[in-house]
Amino acid sequence: MKQVGIFGKRKSGKSALMYALTRQKIIQGAAFSAMEISGVTRVMLVDTVGVDVEDSTAEKSAQSVEVALMLITDDAFELELAWINKLRKAGSAIIVVISKADEFPDGGAALAAAVKEVSGLKTICVSSHTGAGVIELDEEINRLLGTRD
Ligand SMILES: Nc1nc2c(ncn2[C@@H]2O[C@H](COP(=O)(O)OP(=O)(O)O)[C@@H](O)[C@H]2O)c(=O)[nH]1
Ligand SMILES: [Mg+2]
């Protein structure tokens, strides 16, 4: 089964995002078709310990995920950039998520632009609390998984 890994520092909103994405899948499945419901089990979402924790399990996940979500919550994102390089070397497709976007007056747009500029990666502002950006993120994950069949 294909794996989508959720990476980020402790308290960056990884677990909340996992639940938001899972909810999104279930809602889509109910609203559309049995095909979509089977989609629930097509992908395994992998929650990880913080990238700011000395622990080998996130390292291990980095080696096995098709798509990696890298959560960023503020402009101190050097550690996340280092992980992005690690994930690139491991062959993962990467999406940057500006997490807790509801906490930014501009919805995270300025931080997203800054990260996109240095990483060149697709960057999506997401709030697991309001649901903003969750559908866009889900679509981008599926697009990337589709290109990697
Ligand atoms: N404002 C806001 N807070 C969030 C959001 N997602 C998570 N949080 C809060 O951030 C804290 C850490 O979230 P959690 O998902 O446990 O982070 P993790 O340690 O990366 O798994 C909790 O207090 C959450 O309620 C969000 O989208 N917006
Ligand atoms: Mg967690």
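With 18 Å as the limit on Cα-Cα distance, the pairs of 2/116; 60/89; 2/60; 9/89; 14/100 that go past it are 2/116; 9/89. The fraction of accessible area contributed by carbon and sulfur in the stretch 2-146 is 57 percent, rounded to a whole number (1.4 Å probe; ligands and nucleic acids excluded). Once the Cβ-Cβ distance of residue 82 and residue 135 is raised to the sixth power relative to R0 = 41 Å, the FRET efficiency obtained is 0.85.
Think of the stretch 2-146 as having a plus end and a minus end, set by charges on the Cβ of Lys, Arg, Asp and Glu; of 57, 96, 17, 57 sits farthest toward the positive end of this dipole. Computed with a 1.4 Å probe over protein heavy atoms only, the accessible surface of the stretch 2-146 comes to 50 Å² per residue. Over the stretch 2-146, the hull volume per residue, using the convex hull of the C-alpha atoms, is 97 Å³. If R0 equals 30 Å, the separation of the Cβ atoms of residue 106 and residue 1 corresponds to a calculated FRET efficiency of about 0.20. Assuming charge only on the beta carbon of Lys and Arg (+1) and of Asp and Glu (-1), the dipole of the chain about its Cα centre is about 460 debye to the nearest 20. Within the full protein context, the accessible area of residue 23 is estimated at about 130 Å² for a probe radius of 1.4 Å.
Counting alpha carbon pairs within less than 8 Å and at least 6 residues apart, what relative contact order, in whole percent, applies to the chain? This gives 24 percent for the chain. Applying 1/(1 + (r/R0)^6) with R0 = 22 Å to the Cβ-Cβ distance of residue 10 and residue 74 gives a FRET efficiency near 0.95.
The values are calculated or read from the model by the stated rules, or taken from the named source; none is laboratory data. Because the structure is predicted, anything quoted here is derived from the model rather than measured. Don't worry about glycine lacking a Cβ; one is built from the backbone with ideal geometry, like all the others, and counts go over all protein chains shown. The area values use the complete protein model at the heavy-atom level, side chains included, leaving out ligands, DNA and RNA. Shrake-Rupley method; radii C 1.70, N 1.55, O 1.52, S 1.80 Å.
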